[in-house]
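For reference, the structure discussed in these notes is given below.
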Amino acid sequence: MSTLSIDKISMRFDLPNGSHVQALKDISLEIKTGELMSVLGPSGCGKTTLLNIVAGFLAPTQGTMTLNNHLITGPDAERGMVFQQGALFEWMSVRENVSFGPRMKGQREAEWRDNVDHLLDIVGLRDFKEKSVFELSGGMQQRVALARCLANDPDVILMDEPLGALDALTREKMQGLVLKLWKETGKTIILITHSVEEALLLGERLLVLAPRPGRIHREYRLPFADMGVGQDLREVKKHPEFGEKREEILSMIWDMEEEIMGNAAEASA
Amino acid sequence: MIILLLYTSIFIAGFFLVRFGVKRLMQTRADFTSLKTVTFGDESAVRPDRWASVISVVTIFLLWGAFTGSKWAPIHAPAPFIGDTELTYTLEAPDGSTDDATITLRVHKFGEDPAAPEVELGTGFAKNDAEIVSAGRTKTVLFDKNDDAKRRDGAKVVAIDGQPITIGQSVSFAEGSVSLTDKGAIQITPSGGMQMEPIWLPPPEKVVSRFMEISTEGYQGFNLWEHLGYSLFRVIVGFLLGAIVGIPLGYAMGLSNWFRGWFDPIVEFMRPVPPLALIPLVIIWAGIGEVGKIILLFLAALWIMAIAARAGVSGVNITKVHAAYSLGASKFQLMRHVIVPNSLPEIFTGARVAMGVCWGTVVAAELVAAEKGAGMMIMVASRFQLTDIVIMGIILIGIIGYGIDILMRIAEKTLVPWKGRS
């Protein structure tokens, strides 16, 4: 059973002016294999910092993380990452991008060809595999990024606002695709978003972070991701409970934002 | 001044002619940009007018031809007077009596040496004179050498062709102007016209014939192609050496704190030093042979390439690096598959700049001291006032520099098609 466990992570760093920032404080989490968790919070609450720590790009000042009972100390192929944008390699074709992970492991084309072609089928880019990535639209590029991550067969997929730069329609289609991939591959996924609807749709578990210092404010267990696998996402959104939860979380985040604004106003006064 | 006015009026006339004449008659392509109504201020809507380019180049050659008396130019600026002319001076003897005499002036082309025309002395105390002068030059005529009344005895010229004249004044005659010097001698300047003399600016056909001559017979012991080839060879070797050292240096500076700290002061100091300022030192160290030239060009290219490579590394989007690492790439693989390809556009831009600087530097270095090369060719030619070789050299240097830039741009387009696409 592969489990990602985060134990009392804190992140604190000094600023040039002598003060310091407490970005995260005492975050503890246990994420089981195959779980889909979305993370939500007002801007500046440390969502991306948390994800970067889990990915291994940043070292926490306190606390430890383990995946499958070994310590996380840096980036590794076991934790794949999907970025908002700009992470594809423009000098490679779609196929070369998707096969990047296997190729870096030294696999021959015969070993990865079938899997890569299969993934390109799933994300609907079969006809585009020889294209340059800069010829694709934003939504297609994110599908390449998803396929590239999956081709490497990571234990955990970390998504940092992967759909944030897409237009509303493309975004909805992509949300369906993420759910489909989650169900088909059974991967553990942590998804960061600033859209409440997206967090509700793409989270069995939904974590709301509070800012200053970044900490876990509330955690939900939601049925919508499972519902979304079977039916149209727009139908899920019409569900009365979906609306309730959305309003509840929106006002929660709204209050946090107000508090930040108030503090800022006091500080400047 | 007149040339500037002419040039400006051709510019304006060409504009109106093309705008309201040619373009009206021609069917213009209705592409997207042509449908833009806001073009003033929209740089992307400004495309070079090919008509203007053609007229511009033709105008330069036309003006060049017209003002050098070229056989190829259909029109010419007024030419200097060549041939024989006469003018009459009136000499007043000390006793107040006057007599007329004629000066026959033979105006010849610069560089020719014709005999003076034969004239009869004529009657009276003023005798006829004959003189020769180059076109546009001034000749002082000591007219009284053969006259019976001398200036030192008080005789003086009072009129030229019937026009009264005194010391310091000047009057014009049919083919030029005449003045009296302080001592009363006649100074004649035949009309110089408005054309440049070949020593200042030779006509285009002379430059072309010189080009033919030097490309077959050579100059200063070397064929034209050898001169140009040596210059190009130095540029390419110097640039390649600079790139071979500079690119890894730039990468190291972009990837390691220690390298960045160590080389930053050196690179930042050397960058603003123009390579031309290094020429004396390089000559002291390595002499004027190939080694010195190549060291100089190496130094010229080195810093540019190092800075370009460093900028290429720092231009890598951090998410690409993160993505590569979390896909399992090693440091070497990151270098090979992400950092190098991502920095290629910057390196190509740097290479274009470096090639341009190297080409300029090699010509300058050859101007200072060299046994062969494009710069040496024009420098030596200028010492012998062979302006046609100088002009031909400048044109060839320009064409080659432009050619290098075009080749680099083509290479860039084919090798880094993703430039500006991330």
Lone qualifier among A:Asn115, A:Asn97 - being over 22 Å from the mean Cα position of the chain (by Cα), part of a helix (DSSP H, G or I) and polar (S, T, N, Q):
A:Asn115
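What strands (runs of 3 or more DSSP E), lying completely within the range A:135-248, carry at least 3 residues that are under 18 Å from B:Ala323 (Cβ atoms) and in contact with a Lys or Arg (Cβ under 7 Å, 6 or more places away or on another chain)? Show your work before the answer.
Details: elements: A:156-160, A:188-192, A:205-210, A:215-221.
By residue number, A:156-160.
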When you scan the range A:63-72, do you find a residue that is closer than 24 Å to B:Ile339 by Cα, in a loop (DSSP other than H, G, I, E, B) and more than 12 Å from chain B (Cβ to nearest Cβ), even just one?
no
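Residues that are among the hydroxyl-bearing types (Ser, Thr, Tyr), within 11 Å of chain B (Cβ to nearest Cβ) and more than 23 Å from A:Pro213 (Cβ to Cβ): does the range A:122-143 have at least one? Spell out the reasoning first.
Step one: filter the range A:122-143 for residues among the hydroxyl-bearing types (Ser, Thr, Tyr), giving A:132, A:137.
If we keep only those that are within 11 Å of chain B (Cβ to nearest Cβ) too, we end up with A:132.
Now narrow it down to the ones that are more than 23 Å from A:Pro213 (Cβ to Cβ): A:132.
So far as the range A:122-143 goes, yes, one or more of its residues are among the hydroxyl-bearing types (Ser, Thr, Tyr), within 11 Å of chain B (Cβ to nearest Cβ) and more than 23 Å from A:Pro213 (Cβ to Cβ).
Among the residues of the range B:240-278, write down those that are in a helix (DSSP H, G or I) and of a type in the set (Lys, Arg). Before the answer, list the steps.
At the first step, the residues of the range B:240-278 found to be in a helix (DSSP H, G or I) are B:240-255, B:257-270, B:275-278.
Correct list: B:Arg260 only.
Please find, within the range B:144-175, the residue that is surrounded by the most Cβ atoms within 10 Å (Cβ to Cβ) out of those that are outside any loop (DSSP other than H, G, I, E, B) and within 44 Å of the chain's Cα centre (by Cα).
Here is the first cut: in the range B:144-175, the ones outside any loop (DSSP other than H, G, I, E, B) are B:144-145, B:151-153, B:156-160, B:163-164, B:170-173.
From what's left, within 44 Å of the chain's Cα centre (by Cα): B:160, B:170-173.
Values: B:Ile160: 24, B:Ser170: 12, B:Val171: 16, B:Ser172: 14, B:Phe173: 19.
Going through the qualifying residues, I end up with B:Ile160.
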B:Ser231 passes all but one of (1) outside the structural domain of B:Gln385 (by TED's automatic domain parsing); (2) modelled with pLDDT of 90 or more; (3) of a type in the set (S, T, N, Q); which number fails?
(1)
For B:Gly287, are the conditions met, namely being modelled with pLDDT under 90, within 27 Å of the chain's Cα centre (by Cα) and surrounded by fewer than 22 Cβ atoms within 10 Å (Cβ to Cβ)?
no
Residues in the range B:252-269: is at least one acidic (Asp, Glu) and surrounded by 13 or more Cβ atoms within 10 Å (Cβ to Cβ)?
no
Select from the range B:302-326 the residues that are among the hydrophobic types (A, V, I, L, M, F, W, C) and not in a helix (DSSP H, G or I) and list them in ascending order.
B:Val316
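Check B:Thr59, B:Thr85, B:Thr33, B:Thr37 and return the single one that is touching a Phe, Trp or Tyr at 6+ places or on another chain (Cβ under 8 Å) and farther than 30 Å from B:Ile188 by Cβ. It would help to see each step written out before you state the result.
Numbers: B:Thr85 fails: farther than 30 Å from B:Ile188 by Cβ; B:Thr33 fails: touching a Phe, Trp or Tyr at 6+ places or on another chain (Cβ under 8 Å); B:Thr37 fails: touching a Phe, Trp or Tyr at 6+ places or on another chain (Cβ under 8 Å).
It is B:Thr59.
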Got a sec? Which of B:Leu327, B:Leu334, B:Leu344 is in contact (Cβ under 8 Å) with a residue 24 or more places away in the chain, more than 20 Å from the chain's Cα centre (by Cα) and within 10 Å of chain A (Cβ to nearest Cβ)?
B:Leu344
Note down all Cβ pairs under 8 Å where the first residue falls in the range A:81-106 and is more than 7 Å from every other protein chain (Cβ to nearest Cβ) and closer than 20 Å to A:Asp160 by Cβ, the second is acidic (Asp, Glu) and assigned to a loop (DSSP other than H, G, I, E, B), and they're at least six residues apart or on different chains.
A:Gln84/A:Glu161
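Just to be sure I understand, how many residues within the range A:13-48 are closer than 12 Å to A:Ile192 by Cα, among the polar types (S, T, N, Q) and in contact with a Pro (Cβ under 9 Å, 6 or more places away or on another chain)?
Looking only at the range A:13-48, we keep the residues that are closer than 12 Å to A:Ile192 by Cα, and these are A:36-43, A:45-48.
Retained after the next criterion (residues that are among the polar types (S, T, N, Q)): A:38, A:43, A:48.
Okay, now just the ones that are also in contact with a Pro (Cβ under 9 Å, 6 or more places away or on another chain), so A:43.
Total satisfying the criteria: 1.
The values are calculated or read from the model by the stated rules, or taken from the named source; none is laboratory data. None of these values were measured; they are calculated from a predicted model. Neighbour counts run over all protein chains shown; Cβ positions are idealised from the backbone, glycine included.
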